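The values are calculated or read from the model by the stated rules, or taken from the named source; none is laboratory data. For clarity, every value in this text was computed on a predicted model and none was experimentally measured. No Cβ is skipped: glycine too gets one built from the backbone with ideal geometry, and neighbour counts run over all protein chains shown.
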Amino acid sequence: MRPTPGPALGGLSDPPGLQPLTERFPLPGTIAPLFHPIPSLAMDSSAPVAAGPRRLDTTDWASLTLGQRIRHLELEGYVVLPDLLSPEQVANFKRQLAPLETIPADYSDKQRGRRGIQWEGPDFINLVGHAPTIAFLEALLGPDILFLGGVYALSLPGHPGISLHTDGQPYGSQIFGWSGSCPVQVRVLYYLDDLTADVSPFLVVPRSHLSMHADANPYTRYTGHPEEVAVPAKAGSAVLLNHKVFHGNCPNVGTRERGMLAYLYRPAWAGPAEEKIPAWPADKLAQVPPHLARYFENPNVRRGFDFNHPNKPKNMRGDAPGIAPSRWERV
Ligand SMILES: O=C(O)CCC(=O)C(=O)O
Ligand SMILES: [Fe+2]
């Protein structure tokens, strides 16, 4: 039986929810109920519990309004934008990526990556300014947006899964560098293959980015979480995530590879804790088409930052749609 979703916020009905993953996820399991259902996500509370995620997100992403998408990303920590890339674009990217060398992760040679993927030719650099993605990012973050880098990730059959982590830390870290200290970041994960339950669906602990508890210390990683959710997606769709949400991906226990292009953005005000993000190499910057130059500004810029700003600065505004509760009602 599906529990009734909790009260809607902001006059919006709750997005459709989650179903048991285990019958599709080929891991042995036992039968147990979920004890702490998340009220606004509909789900099957009689789901059998396996070694993998207990719940599969079956939200009908195409049905969400702009406001509901913003809400899902802000409140749950992630959202899927379906069909951002056409099948032709996906095939084109896969064809160009196939001959490129990738480097294995430090924990498995089945998880491989290549940094600076935006420099691999016109299609990769143009993806930085991909119109439907930018339209959503501008609605979410405002118009002044910087690009922080692109990565290609390849999860081969046998990939053990990415442990639950956040995509940054407020004082920087070796893994994410100083760009990880930018206080607002959105990573756009374009999937080039279908993410099914057996082929490394995205994994997330919804709302973990909102926690003030020490368990949300972003210098912590987790093997898993009882309330983690697996998010399948079609090739050509993208997961957008708040960098503070705990997330990862599931093992690839299928027979197909799973390719992904991850492009990272931030609003121009939200610069790093220390101005130590390496500058874009001059020879690479010279390749950036003029209409994309604004995304490649100095990655350390903190537009609007003034340590000494007074209590009543000049030119204060009396309205700001970006912080209005009604932003979740946008259509
Ligand atoms: O592969 C995924 O779906 C998640 C990857 C991830 O954690 C990241 O790119 O930061
Ligand atoms: Fe991540």
Q.
Six or more apart or on different chains, Cβ atoms under 6 Å: show the pairs whose first residue is in segment 130-148 and touching a residue at least 24 places away in the same chain (Cβ under 8 Å) and in a loop (DSSP other than H, G, I, E, B) and whose second is surrounded by 17 or more Cβ atoms within 10 Å (Cβ to Cβ) and not aromatic (Phe, Trp, Tyr).
A. 142/267; 144/268
Q. Quick check: anything in segment 284-297 over 20 Å from residue 140 (Cβ atoms), in contact with a Lys or Arg (Cβ under 9 Å, 6 or more places away or on another chain) and of a type in the set (S, T, N, Q)?
A. no
Q: Can you give me the number of residues within segment 110-129 that are in a strand (DSSP E or B) and closer than 15 Å to residue 266 by Cβ?
A: 0
Q) Pick from 195, 137, 127: which is of a type outside the set (Lys, Arg), modelled with pLDDT of 95 or more and within 13 Å of ligand 1 (Cβ to nearest atom)? A) 195
Q: Check whether at least one residue in segment 141-148 is over 16 Å from the mean Cα position of the chain (by Cα), farther than 16 Å from residue 240 by Cα and crowded, with 20+ Cβ neighbours inside 10 Å, and report yes or no.
A: no
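Please find, among 204, 188, the residue that is within 22 Å of residue 66 (Cα to Cα), near ligand 1 (Cβ under 10 Å from one of its atoms), modelled with pLDDT of 95 or more and out of contact with any Leu (no Cβ under 7 Å at 6 or more places or on another chain).
204
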Q: May I ask you to list the residues in segment 58-87 that are buried (at least 20 other Cβ atoms within 10 Å of the Cβ) and over 15 Å from the mean Cα position of the chain (by Cα)?
A: 59, 64, 68, 85
Q.
Among the listed residues 153, 233, identify the single one that is away from ligand 2 (no atom under 12 Å from the Cβ) and not hydroxyl-bearing (Ser, Thr, Tyr).
A. 233
Q) Which of the residues belonging to segment 222-239 are more than 11 Å from ligand 1 (Cβ to nearest atom) and either charged (D, E, K, R) or under 12 Å from residue 78 (Cα atoms) (or both)? A) 227, 228, 229, 234
Q. Could you list, in sequence order, the residues of segment 42-70 that are at pLDDT 50 or above and among the hydroxyl-bearing types (Ser, Thr, Tyr)?
A. 58, 59, 63, 65
